Amino acid sequence: MHHHQSVSIRQISQGRAEQVGFYRFLENENVSMSELVKSLCDHCQQQVKGRHVLAVSDTSEVNLQSHSGRLKLEELGVVGNDRDVGFFIHPTLALDAGTGFPLGLSALQLWTRDPNRPTVKDRGGYQNLPIEEKESFKWLASAERSQHCLKTGGASLVTHIGDRESDLYEEWATVPDAFNHLLVRVRQDRRLLGQSKSLYGYLKSQWGIGFTTITIEYESRTQRMARDAKLLIRCAPVKIQRPEHLKEWDYPPSIQLYAIEAVEQTTPKGQKPIHWRLLTTHTVESLEQALQILEWYKFRWRIERLFAQLKKTGLDLESTQLESGEAIQRLTVLALSVAVATLQMVEGRDEPQWPASITFTDEQQQYLKQIAPTVQGKTTKLQNPYPINSLAWATWIVARLGGWKGYQSQRPPGTATLTHGLKRFEMMFFAWEIAQNRLMCTP
């Protein structure tokens, strides 16, 4: 299924026999979720040697309420609104720190939320529970589970990146070490050691150290306008104090960090200004260092694109016709590997330094070489301009199969074109494997 760009079993199957095989595989209780996740992370492990890796984590829900009438509800829970049926996923997307290129998934968590669990109000002392008993432990677990993949794979350094939900004192106190850094968007106005002002006021009182302009993408959910935003940058070293509810736990009374604030100077009418407050364990004492931190944080949007590819453009996971919650979770792991491959092709379509082996097997690259002449035109303008065996070279071929005209002056191929091209490539490759006697066919 690695290159089929849809999780509709009927669409990805080459025939009735393969369709039945997919269903049996996904419904098979002997197919371990841990083994599927391990396979996903093992591929990432092969890509990280010598790299500074940005490990970007985030949570998304898989909402299956529209199929609740035919699902085995005992295998599922409720999602964020505490009514709809589904489950949660929390992947960690590994990116190259220098370019933001997606290298794979270093960790993945899936879980269900009990619809009959007590409310926060009923739980009373929930805030005082150890972090290991809270759902927010997922952030610490992601960092811990990424260790095997990234350290074993030979990464030189890891920076764990999270949005506001991951601004946890427990994480600041336990994750950072010589190999692991943290970069998190601030969620709360923390008390600072040795300062009369709390974090927000203290940052606002700092002199600006310079400006930068960033490109903001359109966001349909919030109706955020695409624009170039000019940001004023402030930064300062800070010591955040341990929250009162953690004073009985064995956490340090304060933690040394660096804070960065980026504030949009002129905002279009009707738009909310960009205002980022970030905390990091990286040293930030200059504009250059602050801009590097902002660049790494902007790469966090790669995981939003991953979720969009998984649930909307191309894969449409929430429309699956499977009836077992466990089977849908297995399908989710497989679909995530496909979504990562699509991201890699989009990001690598103009970057010849990335090898095709990041996304394609040796056999697939061999077949790509065979079909390459058939998708090239007679003129120089319609020749594949990229080095053979580069990801850009492979993406150019797949884009041509997807209907892209091939002219460099044309808009580069997007997700829809690559999705269609990968479907065609997979069908052609499947037939080629049969012709090469690589597959055993049974009646």
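List of remarks:
- The chain: angle of helix 301-311 to the longest principal axis, Cα-based, in degrees nearest 10: 50 degrees
- Take the Cα of R117, step 7 Å toward its Cβ, do the same at R187, and the gap between the two points is 1.4 nm.
- The GluC sites (Glu not before Pro) found in the range 221-325 that occupy coil by DSSP, while having at most 15 further C-beta atoms within 10 Å, are E248, E285, E323.
- Pairwise label distance in nanometres, R164 with K369, each label 7 Å out on the Cα-Cβ vector: 5.3 nm
- Within straight-line cross-link reach of K369, lysines at Cα separation under 29 Å, skipping those fewer than 8 residues along the same chain: K49, K378, K381, K405, K423
- Remark: spin-label model distance I216-S66 equals 3.1 nm, labels positioned 7 Å along the Cα→Cβ axis.
- Nearest 10 degrees, 0 to 90: helix 16-27 Cα axis against the chain principal axis: 30 degrees
- Restricting the range 193-263 to trypsin sites (Lys or Arg not before Pro) in coil, as DSSP defines it, with at most 16 other Cβ within 10 Å: K197, R221, K247
- Most positive-pole-ward Cα, W354, T374, L343, against dipole of the range 343-443 from beta carbon charges: T374
- With a 1.4 Å probe rolled over the protein heavy atoms of all chains, the accessible area of W207, W249 falls in the order W207, W249, largest first.
- Shape box of the range 342-443 [Cα atoms, principal axes, largest first, Å]: 48, 28, 24
- Neighbour net charge for L257 - beta-carbon separation under 15 angstrom, K R +1, D E -1: +1
- To the nearest ten degrees, helix 287-298 and the longest principal axis of the Cα atoms of the chain are 50 degrees apart.
- Taking a quarter of the surface of the Cα convex hull of the chain gives a mean projected area of 24.7 nm².
- Fully extended contour minus Cα-Cα distance, from A431 to S34, at 0.36 nm per residue: 139.8 nm
- Exposure ranking of H90, H275, H181 by accessible area [1.4 Å probe, largest first]: H275, H181, H90
The values are calculated or read from the model by the stated rules, or taken from the named source; none is laboratory data. Worth saying up front: this structure is predicted, and the values here are computed from it rather than measured. So basically every Cβ, Gly included, is an ideal-geometry build from the backbone, and we count neighbours across all protein chains shown. Surface areas here come from the heavy atoms of the whole protein model, side chains and all, with no ligands, DNA or RNA. Shrake-Rupley method; radii C 1.70, N 1.55, O 1.52, S 1.80 Å.
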